[in-house]
Amino acid sequence: MTGPSPARGSRRLPSARFVVTMLFLVSVLNYVDRQVPFILLESIKADLGLSDKQMGFLNGFTFSFIYSTVAIPIAILADRWSAKWVLSGGMILWCGLTTIAGFAQNFGQLVSSRMGVAVGEAASLPSSHALISALVPPERRGTAISMVSLGVPVGAMVGLALGGWLNDVANWRIALILIGLPGVLFVLLFAWAIPDLRAPRQAPGKAYLLAGLKALASSRTMRHLIAGLSIQAIGQIAIFTFTAAFIIRSHGLTASEVGITLGLTNGVSGIAALLLSGWATDRAARRDPQAMLLLPACTFLAMAPLLVAAYLAQDIAIAVPLLALVNFCAVFYLPPAFATAQRLAPPEARAQASALLVVGVSMVGGSIGPFLVGALSDALEPNYGVEALRYSLCFTALPTLWGAVHLFLASRTLSSDLVDHQS
């Protein structure tokens, strides 16, 4: 198989390390813009007179439905045209609309801006993974994906800490405006520095496009992997959406205090999880591919009792370390899951492979989780007051355990599916 080819007239290819570093920065921007509404949730809710159910709809279904709807078409465009330019356009859209959201005057305007952010961010992960696969061999992709995925905890750390601080010293509108603007400028640097890498083309047309998706759908491992991540995300995305609000309500911290606390603990635990996970994924890829999915299955099992203990803890000094462990388990799956999807994908469907995973996570987890936890919190509020959110968040343990079962099943078929794929 021939290697990736840059567009006509492009300069010499930069190193894989440089490309991975730039994609890490893209991931940081992605998760700064994605996380900042969570730390601003209480201020937005009070200013616009919204309910927990509406906030869950805004940060869950609104974002996730659009994200899921456009992810596959955008991934196909990245595979067939240019992952670089698809990603550049996505950055302009999500950063610009994050800024515009700061001017929203009502719930409908917030929903509209969030939908646009979702369209832009749907380009990020599939396009990034397609660029990685074009430069990095399979036995090293776990580490490369983990390096890019470090943008998740780093972006969350920056988004929560900076967003909380800006909220307290100014307001939620200023926070959104100032956090969105830098990304619009960064995209100019990205578009100039990154080459237009393109996978070798096969037969064009509809049959070509369907062949990649058909190959992925025929894999037993891929089906269980999508199911496991999608179901587990029902709990995980609800946790990301409401944990900051829970700490403000139940433990009495300010937005800036929560931003710094969650930002640091999630950042440190997320970085540790991804570094360990990337190393373990590459080691498993060389020695025992089955272990690539056994590891995240075990972390999902451990996550369920940890999150219940964290939300029921009455002392913030106990709750925060437990939440750090929950976050460690929540992000550990990223390198092995996406490295597995890339190994199962034919070259012409690499962006689509990652898109299938994020579609499942967003469509199922993002659409159901935040809305369900928000609605449950509203239902419990007459009896439990501000503590209603504490108890509704404990529900997230159930989908976490269910997701682990599917990952165990996926690990049992991985070796045979890899043999079938390579034959």
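For the chain, the membrane-span-like helices by this rule, meaning whole DSSP H stretches whose C-alpha atoms cover at least 24 Å of axis and whose Kyte-Doolittle mean is -0.5 or above, are 16-39, 63-80, 83-101, 151-169, 172-193, 220-251, 255-287, 291-312, 367-384, 397-422; this says nothing about an actual membrane.
Across every direction, the projection of the convex hull enclosing the Cα atoms of region 94-192 has a mean area of 7.1 nm².
If you take the alpha carbon atoms of the chain and fit the smallest convex hull around them, that volume is 120 Å³ per residue. Once Rg and the Kirkwood radius are both taken over the C-alpha atoms of region 349-392, their ratio Rg/Rh works out to 1.31.
In units of the rule-of-thumb radius 2.2 N^0.38 Å, region 124-182 shows an alpha carbon radius of gyration of 1.54. Working note: 222 nm ellipticity from helices only, DSSP H runs with n ≥ 4, each -39,500 (n - 2.57), summed and divided by the residues of the chain, gives -27000 deg cm²/dmol to the nearest 500. Using a Gaussian network for the chain with springs between C-alpha atoms less than 10 Å apart, which of these wobbles most: Gln105, Gln342, Gln236? Fluctuation is largest for Gln105. Comparing Ile145, Ile76, Ile194 in a Gaussian network model of the chain where C-alpha atoms under 10 Å apart are linked, the largest mean-square fluctuation is found at Ile194.
Normalised size of region 95-134, defined as Cα radius of gyration per 2.2 N^0.38 Å with N residues, equals 1.50. Estimated translational diffusion coefficient (Stokes-Einstein, Kirkwood radius over Cα pairs, 4 °C, 1.567 mPa s) of region 204-330: 77 µm² per second.
Taking the average, over residues, of other Cβ atoms within 10 Å as the packing measure, peptides 124-133, 107-116, 295-304 rank 124-133, 295-304, 107-116 from highest down. What the pair-distance distribution of region 44-115 shows, using all Cα-Cα distances binned every 10 Å from zero, is 18, 42, 27, 11, 2 percent.
Roughly how compact is region 21-146, stated as its Cα Rg over 2.2 N^0.38 Å to two decimals? So the Cα radius of gyration is 1.15 times the expected 2.2 N^0.38 Å. Residues considered: Arg350, Arg287, Arg80. Largest GNM mean-square fluctuation over the chain, using C-alpha springs under 10 Å, is found at Arg287. Net charge dipole, the chain: roughly 1540 debye, given to the nearest 20, about the Cα centre with Cβ charges of +1 for Lys and Arg and -1 for Asp and Glu. Counted by Cβ distance under 14 Å from Arg286, the other residues give a net charge of +2, where Lys and Arg count +1 and Asp and Glu count -1. Normalised Debye scattering of region 291-423 at q = 0.13, 0.17, 0.21 Å⁻¹ gives log10 I(q)/I(0) of -0.66, -0.97, -1.27, counting only Cα atoms as equal scatterers and leaving out solvent. Sorting the segments 308-316, 381-389 by their residues' average number of neighbouring beta-carbon atoms within 10 angstrom, most packed first, yields 308-316, 381-389. Note on the chain: dipole from Cβ charges, positive end direction compared against Pro289, Asn383, Ala122; the farthest Cα belongs to Pro289. By the beta-carbon count within 10 Å of each Cβ, the least crowded to most crowded order of Trp94, Trp165, fewest first, is Trp165, Trp94.
What area, in nm² and to one decimal, does the C-alpha convex hull of region 295-349 cast on average over all directions? Mean projected area for region 295-349: 4.2 nm², to one decimal. The residue list Asn59, Ser218, Pro399 was ranked by how far each Cα lies along the charge dipole of the chain toward its positive end, using unit charges on Cβ atoms, and Ser218 comes out on top.
Computed from the coordinates by the stated procedures, all read-outs in this text should not be read as laboratory data. Small disclaimer: the values here were computed from a predicted structure and weren't measured. With ideal geometry, Cβ positions are generated from the backbone for all residues, glycine too; neighbour counts draw on all protein chains shown.
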